[in-house]
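Inspection log for the structure reproduced underneath, given as structure tokens.
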Amino acid sequence: MASHTQEYASTAVQNGTDNPERERVFDAFRRWGYLQANLDPLGQHLQPVPIPELDITGTYAEEARRVYCGTVASEFMHILDPEKRRWIQNRLENDAPAPVDQKRILDLLVRADEFE
């Protein structure tokens, strides 16, 4: 059985990164970050769950928190197919958010209001 260090290094190579430390931090957030996502902006019911594995500081932890502990949660590490997991991971970690066309959104909202 491969050690965790070898597993992180192997995953880092597969993902195109050469940084096993970054991969170790991101792996923790991939597994548990959804439990600390901000899913209740009013703070009334869904409080983030404290996870000792996520008591990490540093640049990698901040980056991983932005991806996995925001206002949208994703739980995907249970997927058995590594190719599918990697696809989701790459979409979450590498895709920049699409630019928002605020004028178009306002136009659609005004049309919907007029329709009512």
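Scanning segment 25-53 for residues that are charged (D, E, K, R) and under 16 Å from the mean Cα position of the chain (by Cα) returns D27, R30, R31, E53. Considering A73, A64, the condition of being in a loop (DSSP other than H, G, I, E, B), free of Cβ contacts under 8 Å to residues at least 60 places away in the same chain and surrounded by 14 or more Cβ atoms within 10 Å (Cβ to Cβ) is satisfied by A73 alone. Checked against the criterion of being aromatic (F, W, Y), surrounded by fewer than 12 Cβ atoms within 10 Å (Cβ to Cβ) and either under 22 Å from N19 (Cα atoms) or free of Cβ contacts under 8 Å to residues at least 24 places away in the same chain (or both), the candidates F115, F29 yield just one match: F115. With respect to the conditions (1) buried (at least 16 other Cβ atoms within 10 Å of the Cβ); (2) modelled with pLDDT under 85, Q14 lacks only one, and its number is (1).
Here A98 clears all of (1) modelled with pLDDT under 90; (2) of a type in the set (A, V, I, L, M); (3) surrounded by 11 or more Cβ atoms within 10 Å (Cβ to Cβ) except the condition numbered (3).
Just to be sure before I move on: is Y68 of a type in the set (S, T, Y) and touching a Cys at 6+ places or on another chain (Cβ under 9 Å) in the structure I sent? Taking the combined requirement at face value, the residue does not satisfy it.
The values are calculated or read from the model by the stated rules, or taken from the named source; none is laboratory data. All of these numbers come straight from a predicted model, not from anything done at the bench. Positions of Cβ are generated from backbone atoms using ideal geometry, with glycine treated the same way; all protein chains shown enter the neighbour counts.
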